[in-house]
Amino acid sequence: MVTLRIGKKTDDSKTPAEYLYEPIAYDSPLERTNILDNIDVAELIVYGKIPSSSIRMPTITDETYSPDFMYIVKKKDGTMSMNVVIETKDINQETDLHPKESAKIDCAKLFFEQISKDNPSFPISFERQINRQRMNEIIDRLISSK
């Protein structure tokens, strides 16, 4: 089943127009919230949960890594579009993350930084989302800093 490659759980809630898939598929409650939350800090072009193992980056842990979400957003005035890749962790704080998982995520950050350097016309921001952060806050901070 295709949704199982996207997420372990499904939800028949109405999907937002910008979301890529139906039904909603997710792995954690925070991921479900990301899918259903209204992103109003920018024009949201499209977003979706990345199917598991569809991006397989090698890491220093002898394992591969695949991030959770991708967003394509544009400032409300239309002057800039951004490509955002998110690793969602439904944990209370960064220190709750297992060191091996943290190392894989650090490798992914470097991977996406290098892609952005190699192709400046297609910049990618890679971000970690910890339990209490809202996607609106992450995207708003990124847009404000650019």
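The values are calculated or read from the model by the stated rules, or taken from the named source; none is laboratory data. Everything numeric in this text was worked out from a predicted model, so none of it was measured. Reconstructed Cβ throughout: ideal geometry from the backbone, glycine too, with neighbour counts over all protein chains shown. Side chains are part of the model used for accessible areas, which takes the heavy atoms of the whole protein and leaves out ligands, DNA and RNA. Shrake-Rupley method; radii C 1.70, N 1.55, O 1.52, S 1.80 Å.
Summary of values
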| read-out | value |
| --- | --- |
| Helix-only CD estimate at 222 nm, as mean residue ellipticity for the chain, using -39500 (n - 2.57) per DSSP H run (n ≥ 4) | -9000 deg cm²/dmol |
| Which label in [x] 42, 38, 29; [y] 53, 37, 32; [z] 42, 31, 28 gives the computed Cα extents along the principal axes in Å | [x] |
| Listed residue pairs exceeding 30 Å between alpha carbons, taken from K14/K109; K89/K117; K14/K104 | K14/K109; K14/K104 |
| Neighbourhood net charge (15 Å Cβ-Cβ; Lys/Arg +1, Asp/Glu -1) for S13 | -2 |
| Relative packing of peptides 60-67, 43-50 - highest average C-beta neighbours within 10 Å first | 43-50, 60-67 |
| Accessible solvent surface per residue of the chain, calculated while the other protein chains remain in place, 1.4 angstrom probe, Å² | 56 |
| Choice from M135, M57, M70 showing the highest fluctuation, given a GNM over the chain with Cα pairs closer than 10 Å | M57 |
| Solvent accessible area, Å² - S53, 1.4 Å probe, full protein context | 60 |
